[in-house]
Amino acid sequence: MKKIINAPENYTDDMLKGIYAAHGDQVKYANNDLRSYCIANKVPGKVAIVTGGGTGHLPLFLGYVGEGLLDGCGVGGVFQSPSAQQIFEVSKEVEAGAGILYLYGNYTGDIINFGMAAELCSMAGIAVKSITGADDVNSGAPEIRRGVAGIFFMYKCAGAKAAQLGTLDEVYEAARRAKENTRTVGFALTPCVIPEVGKPNFTLAEDEMAMGMGIHGEPGIWNGALKTADEIAEESLDTLLCDMPVRPGEEVALLINGLGATSVEELYILSNSVTEILASKDIKIYKTFVGEYATSMEMAGASISLCKVDGEMKEWLNYPVRTPFYTQK
């Protein structure tokens, strides 16, 4: 294992110290807990949006805390859920008089701990509504699907509505609309190494890929010979459009997401393949996002997300945001 670290067990806290030192004008932590990550300046009367999840996925989770997006994040260890207490401390710090939306991935540990935090908030008189991202088509039936890169669209829509001072119900509805209209397919080319484990979390031969692999190394639907960008795009879109039909003339937002070790050049090659196939089906792309939005340490691979959009959702996707990791003017 070659990583720029001190002690593996200090990986998450050392990373957070670096972020606070570099971006103290934008983010802080609550109650002396580095892992209770919050926006530096809250807006009175605004619905607060709190997310959370394990380290190892930047910019996913804490990277979207900032103006126009999220207000706080419970930070777990690498690929581990944050604690209920951390989420509660974040909630108390960012609540601004209009309630809180919990918006996080559909993983068992997160569901349990966010549920416990919501109970603590209820006892403290803080109104909370909860919704999970569950966009990973290849991970099973809708109710058990993993939340992966497509949660970005939920963050954008809910964050914009909250910044416009929508009510808690309205912010929840914005997140729900994005959820219902978003699907993702992902694939891995290499494993990654968790610092405290020190070895790859799965194996793939040099000429193999894994379709449907999860961002924690969860098994996909097949391991086999590496395909071309065109072939990957075709299979992925067949899966996406079968699960969420898009009619000719309808518009989508497209997200091409790198998992941590895939070059931006390769992502644009994949983006071109996807764009050409969508054009052949007369599906219009309103906006394309290419880059790293939800990673898995240094895993090579990518994911493709589609979000069907209407006029209001377009406004939300265009809403300006500013975080230490992501800015949109």
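The values are calculated or read from the model by the stated rules, or taken from the named source; none is laboratory data. Since the structure is predicted, the reported quantities are computational estimates derived from the model, not experimental observations. Using ideal geometry, Cβ is built from the backbone for each residue, glycine included, and neighbour counts are taken over all protein chains shown.
Report, by residue number, each residue of the stretch 125-141 that is over 17 Å from the mean Cα position of the chain (by Cα) and more than 16 Å from Met211 (Cα to Cα). Gly125, Ile126, Ala127, Val128, Lys129, Ala141 - these are the residues of the stretch 125-141 that are over 17 Å from the mean Cα position of the chain (by Cα) and more than 16 Å from Met211 (Cα to Cα).
The single condition from (1) surrounded by fewer than 19 Cβ atoms within 10 Å (Cβ to Cβ); (2) touching a strand residue (DSSP E or B) at 6+ places or on another chain (Cβ under 7 Å); (3) among the polar types (S, T, N, Q) that Asn138 fails is (1).
When the stretch 148-176 is filtered for residues that are out of contact with any strand residue (DSSP E or B) (no Cβ under 6 Å at 6 or more places or on another chain) and either not assigned by TED's automatic domain parsing to the domain that holds Gly66 or not in a helix (DSSP H, G or I) (or both), the ones remaining, listed by number, are Gln164, Leu165, Gly166, Thr167. Residue under question is Thr55, and the condition is that it be in contact with a Leu (Cβ under 8 Å, 6 or more places away or on another chain) and in the same structural domain as Lys161 (by TED's automatic domain parsing); does it hold? Against the criterion (in contact with a Leu (Cβ under 8 Å, 6 or more places away or on another chain) and in the same structural domain as Lys161 (by TED's automatic domain parsing)), Thr55 does not qualify. Contact map, the stretch 26-53: first residue within 20 Å of Ile111 (Cβ to Cβ), second residue of a type in the set (Phe, Trp, Tyr) and crowded, with 24+ Cβ neighbours inside 10 Å, Cβ cut-off under 6 Å, separation 6 or more or different chains; pairs are Val50/Tyr102; Thr51/Phe61; Thr51/Tyr104; Gly52/Tyr104; Gly53/Phe61.
Scan the stretch 297-312 residue by residue and report those that are outside any strand (DSSP E or B) and buried (at least 24 other Cβ atoms within 10 Å of the Cβ). Step through it out loud before you land on a result.
First, pick out the residues of the stretch 297-312 that are outside any strand (DSSP E or B): 297-298, 300, 309-312.
Of everything in the stretch 297-312, just one residue is outside any strand (DSSP E or B) and buried (at least 24 other Cβ atoms within 10 Å of the Cβ), namely Val309.
Restricting attention to the stretch 233-263, the residues that are in a helix (DSSP H, G or I) and either farther than 21 Å from Leu317 by Cβ or small (Gly, Ala, Ser) (or both) add up to 8.
Glu67 meets each of the listed conditions (1) free of Cβ contacts under 8 Å to residues at least 60 places away in the same chain; (2) among the acidic types (Asp, Glu); (3) closer than 21 Å to Leu317 by Cβ apart from (1).
Conditions tested, residue by residue: (1) small (Gly, Ala, Ser); (2) at pLDDT below 95; (3) within 13 Å of the chain's Cα centre (by Cα).
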site: Glu292; (1), (2), (3): no, no, yes
site: Ser303; (1), (2), (3): yes, no, yes
site: Glu315; (1), (2), (3): no, no, no
site: Tyr319; (1), (2), (3): no, no, no
site: Pro324; (1), (2), (3): no, no, no
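For the stretch 1-39, the set of residues classified as surrounded by 14 or more Cβ atoms within 10 Å (Cβ to Cβ) and of a type in the set (A, V, I, L, M) consists of Met15, Leu16, Ile19, Val27, Ala30, Leu34, Ile39, listed by residue number.
Does Arg183 satisfy being closer than 20 Å to Leu62 by Cα and modelled with pLDDT of 95 or more?
On the way: closer than 20 Å to Leu62 by Cα: no; modelled with pLDDT of 95 or more: yes.
So Arg183 fails the test.
Report yes if some residue within the stretch 267-287 is under 17 Å from the mean Cα position of the chain (by Cα) and closer than 21 Å to Gly63 by Cα; otherwise report no. Looking through the stretch 267-287, none of the residues is under 17 Å from the mean Cα position of the chain (by Cα) and closer than 21 Å to Gly63 by Cα.
Considering only the stretch 109-133, state which residues are in contact (Cβ under 8 Å) with a residue 12 or more places away in the chain and part of a helix (DSSP H, G or I). Even if it seems obvious, please write down each step before you answer.
Let us first name the residues in the stretch 109-133 that are in contact (Cβ under 8 Å) with a residue 12 or more places away in the chain, namely 109-118, 120-121, 124, 126-133.
Gly109, Asp110, Ile111, Ile112, Asn113, Phe114, Gly115, Met116, Ala117, Ala118, Leu120, Cys121, listed by residue number.
Within the stretch 181-232, the set of residues being among the hydroxyl-bearing types (Ser, Thr, Tyr), buried (at least 19 other Cβ atoms within 10 Å of the Cβ) and not in a strand (DSSP E or B) comprises Thr190 only. Residue selection: Val290 fails the criterion of being in the same structural domain as Lys227 (by TED's automatic domain parsing), within 24 Å of Lys179 (Cβ to Cβ), free of Cβ contacts under 8 Å to residues at least 60 places away in the same chain and surrounded by 22 or more Cβ atoms within 10 Å (Cβ to Cβ).
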